[in-house]
4 protein chains.
Amino acid sequence: MHAEQIIGTHPDVKGQVNDALIRCIEECYDCAQSCVSCADACLVESNVATLRQCIRLNLDCADVCLATGAIATRRTGSNEELIRSMLESCALACRLCAEECGRHASHHEHCRICADVCRRCEEACEGAVRTVGFAH
Amino acid sequence: MHAEQIIGTHPDVKGQVNDALIRCIEECYDCAQSCVSCADACLVESNVATLRQCIRLNLDCADVCLATGAIATRRTGSNEELIRSMLESCALACRLCAEECGRHASHHEHCRICADVCRRCEEACEGAVRTVGFAH
Amino acid sequence: MHAEQIIGTHPDVKGQVNDALIRCIEECYDCAQSCVSCADACLVESNVATLRQCIRLNLDCADVCLATGAIATRRTGSNEELIRSMLESCALACRLCAEECGRHASHHEHCRICADVCRRCEEACEGAVRTVGFAH
Amino acid sequence: MHAEQIIGTHPDVKGQVNDALIRCIEECYDCAQSCVSCADACLVESNVATLRQCIRLNLDCADVCLATGAIATRRTGSNEELIRSMLESCALACRLCAEECGRHASHHEHCRICADVCRRCEEACEGAVRTVGFAH
């Protein structure tokens, strides 16, 4: 992805990108795609009835990740309080999805991969939230 | 919208819809559309340079509202902790956007309407969060 | 929804709203919500294995409807060729989803409602595409 | 991104991934992020009034790219006709955005990068559409 490169050209950023936030943005888009894919793969498994909670958490996680990725991308003006709130919601969505996918990881490779991607995104959100100032 | 009608047919809901959540879902989709529209209208105003913060908050608010509307719609399994977190993030996004739109309401009718819609959505999110149990 | 009211205040629209497009925008957001809800309800049905295609079309339709609703909302500058293309994609997504939901309408009330909403959105997209000029 | 890895584990794919579609999916998410970022950077430029069309096309392109990326990710059941239609809409959105960004590329580095990313995504969509069968 080109997140670092393009955000670095924002007139208010001038190359001083927040590395933790850049990593978080890229993980959010990656995680959204993985969650859409895992929900879709779960749907054709023969034991789909036992994967309902997994599919639901996948879909929720994808929605939060995309919103968070877009909001974290913007640098015009400021919205730190919302960025923090969304990074926390996103870390939560990723943790819950990773836990549920993890329960199916030994049976379904897509759940194993998705759990890994969710964990990476959870960590990236937590890393980013520590770098976002509150008082703006 | 058909949110109440269709969610009422979910096998686990069986007509016992949560009225506060239904209202919240409908406000979220309405608010997303209004925020996309207000950002777009701000962009052609002659004083666009003074509306940058407004446009940015509009776009952020639209993203959060859509994610919240989808997540609040789902009734399969459970994800109450995330629903609560997103309802709180969404109420915050709406409040911040309403405050900024409110500053331009006397000059721009789209900002006046958008501030109203955001306030309605903020209240609906706050009303809904009180109805969503935490321990599931 | 407030689509007509807020788009009517756009400086380049000045109250001369395109009624067919306004209806289409509102149907798109309504249909997105219904499709998210129908996919979610299908997922807990005991015959979920026979509803896989329905769930998949629901999810695809929701994605197209949201993108179309946002794109059709914008009035700044022009993008008629893309609006036309997306209205056509959206009408297609709605038709395919309505056909599949229709197959399950006698067994599942959510599929019956969703098929109706998809048909309304399909017609609204087709009505709107006739009003959008190509040469801009 | 993990698109190839996770889609390869879908029970109906069994490792036989469509390379052109995988590339397209990754470009769609990348392009969505770049377009959100370019719109945001344009907004703070001193000549924002001359970048209105660019911002509008950026926002439209981001919306189409995200919907296309999700739809192209799904492998359950089939929806080839819609995938084709969306790939064509997405190639169009990317081309129009690349052309407009290209006009500002010499003045704004974010427009130069975004035009490049849009061109890559346009080509990837065109490459993918040739691999998606129509008659399903």
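Inter-copy label distances for residue B:16: 4.8, 5.5, 5.6 nm (label point placed 7 Å from Cα along Cα→Cβ; shortest first).
Cα centroids of segment A:8-25 and segment A:90-128: 25 Å apart.
Derived from the Cα gyration tensor, the three semi-axes of the equivalent ellipsoid of segment C:1-70 are 34, 9, 7 Å, largest first.
Peptides D:125-131, D:97-103, ordered by how many other C-beta atoms sit within 10 Å of their residues on average, highest first, read D:97-103, D:125-131. Ordering D:106, D:78, C:37 by accessible surface, largest first, gives D:106, D:78, C:37; the 1.4 Å probe counts only protein heavy atoms, with every chain in place. Across the identical copies, the label point of residue A:130 (7 Å from Cα in the Cβ direction) is separated from its matches by 3.8, 4.9, 6.1 nm, in order from shortest.
Among rounded, prolate and oblate, which fits the protein assembly as shown when a ≥ b ≥ c are the square roots of the eigenvalues of its C-alpha gyration tensor, a/c under 1.5 means rounded, and a/b larger than b/c means prolate? Rounded is the answer for the protein assembly as shown, as its axis ratio a/c remains below 1.5. Take every Cα pair under 8 Å whose residues are at least 6 apart in sequence, average their separation, divide by the length of segment D:3-129, and the relative contact order is 31 percent. Against chain A, whose longest principal axis is taken from its Cα atoms, helix A:109-129 shows a tilt of about 20°. Ordering D:96, D:73, D:118 by the projection of their Cα atoms onto the charge dipole of segment D:55-122, which places +1 on the Cβ of Lys and Arg and -1 on the Cβ of Asp and Glu, puts D:73 at the extreme positive end. Sorting A:92, C:66 by solvent-accessible area of protein heavy atoms yields C:66, A:92, largest first, with a 1.4 Å probe.
This model, with +1 at the C-beta of Lys and Arg and -1 at the C-beta of Asp and Glu, gives segment A:6-136 a dipole about its Cα centre of some 120 debye. Against chain B, whose longest principal axis comes from its Cα atoms, helix B:19-44 is set at around 20 degrees. Our note on the geometry: Cα centres of segment B:26-75 and segment A:50-86, 15 Å apart. Peptide D:95-106 has a mean shielding of 1, counted as Cβ atoms of other protein chains within 10 Å of each residue's Cβ.
When the convex hull of its Cα atoms is viewed from all sides, segment B:10-135 shows a mean projected area of 7.2 nm². Rounded to the nearest 500, the 222 nm mean residue ellipticity of chain C from helices alone is -24500 deg cm²/dmol, with -39,500 (n - 2.57) taken per DSSP H run of at least 4 residues. Residue of chain D with the Cβ closest to the rotation axis carrying D onto A, and that distance rounded to whole Å: D:29, 2. Taking Cα atoms only, the orientation of helix B:52-73 departs from the longest principal axis of chain B by about 10 degrees. Mean partner shielding of peptide C:47-55, defined as the number of other chain Cβ atoms within 10 Å of each residue Cβ, is 4. Taking every residue in D:112-119 and counting other chain Cβ atoms within 10 Å of its Cβ, the average works out to 2.
Based on alpha carbons, the Rg and Dmax found for segment B:81-136 are 13.2, 47 Å.
Springs join every pair of Cα atoms under 10 Å in this Gaussian network model of chain D, and among D:117, D:64, D:44 the largest mean-square fluctuation is at D:44.
Comment: the Cα-to-Cβ extended label point of residue A:50, at 7 Å, lies 2.4, 6.4, 6.4 nm from its counterparts in the other copies, nearest first.
The values are calculated or read from the model by the stated rules, or taken from the named source; none is laboratory data. Everything numeric here is computed off the predicted structure, so don't read it as measured data. Backbone-built Cβ (ideal geometry, glycine too); neighbour counts: all protein chains shown. Just the protein is used for accessible areas: all its heavy atoms, side chains included, with ligands, DNA and RNA removed. Shrake-Rupley method; radii C 1.70, N 1.55, O 1.52, S 1.80 Å.
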